[in-house]
Amino acid sequence: VKRRILLVDDDLAVLLTLKAVLELHGFEVETASSTAEAFARMESGVYHMVISDLRMETEEAGLEVIRAAHRQSYAPATALLTAFPPSDDYWAGNSRKTEVPDSLLVKPLGTSDLVRQIEALLIRHADRQQLRQRDSVS
């Protein structure tokens, strides 16, 4: 089963390059170039992971995408892609789990680093979901 990723970025060159790289590594990738398009795709599809650029229409548009991903019943892994990562103080002051992505992918990223980080994130996410299911049964 191919793992499905929704990739969100308003920079078309970045979007198409990352899509090609991820598809070459066996992922099924759908793209969105705005938060509105990302919301529509998440409502009509099911993804193992949602990766969003942080700065698009607004400085924190990517966080809106992460919040929407966390509301989905299929519970995808989430990652923010950014060249300007928020400070540790930002995340520490953000106590709501729906605001925090599972991972930060800091640009520029080499192909092997990107794929390795995504693979690791998907494995950690699947492990956490299994633990939650096991805990809810016991």
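The values are calculated or read from the model by the stated rules, or taken from the named source; none is laboratory data. The model shown is predicted, which means the values in this text are computed figures rather than measured ones. Don't worry about glycine lacking a Cβ; one is built from the backbone with ideal geometry, like all the others, and counts go over all protein chains shown. Quick note on the areas: whole protein, heavy atoms, side chains included, nothing else; ligands and nucleic acids left out. Shrake-Rupley method; radii C 1.70, N 1.55, O 1.52, S 1.80 Å.
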In the range 12-36, anything open to solvent by less than 70 Å² (accessible area, probe 1.4 Å), within 18 Å of Tyr74 (Cα to Cα) and charged (D, E, K, R) is listed as Glu30
Please list, ordered by first then second residue, the pairs with beta carbon atoms under 8 Å, 6 or more apart or interchain, first in the range 124-138 and in contact (Cβ under 8 Å) with a residue 60 or more places away in the chain, second of a type in the set (A, V, I, L, M, F, W, C). His125/Met49; His125/Ala77
Take Glu64 and tell me if it is at pLDDT below 95 and either under 19 Å from Ser103 (Cα atoms) or not in a strand (DSSP E or B) (or both). yes
Across the range 41-83, which residue is farthest from Leu16 (Cα to Cα) among those that are of a type in the set (Gly, Ala, Ser) and open to solvent by 60 Å² or more (accessible area, probe 1.4 Å)? Ser73
Does Val21 satisfy being within 14 Å of the chain's Cα centre (by Cα) and under 19 Å from Thr82 (Cα atoms)? no
Name the pairs whose Cβ atoms lie under 8 Å apart, with the first residue in the range 27-43 and touching a residue at least 40 places away in the same chain (Cβ under 8 Å), the second crowded, with 16+ Cβ neighbours inside 10 Å and part of a helix (DSSP H, G or I), and 6 or more positions between them or separate chains? Phe27/Ile118
Given the criteria more than 20 Å from Val1 (Cα to Cα) and of a type outside the set (Val, Ile, Thr), does Glu28 qualify? no
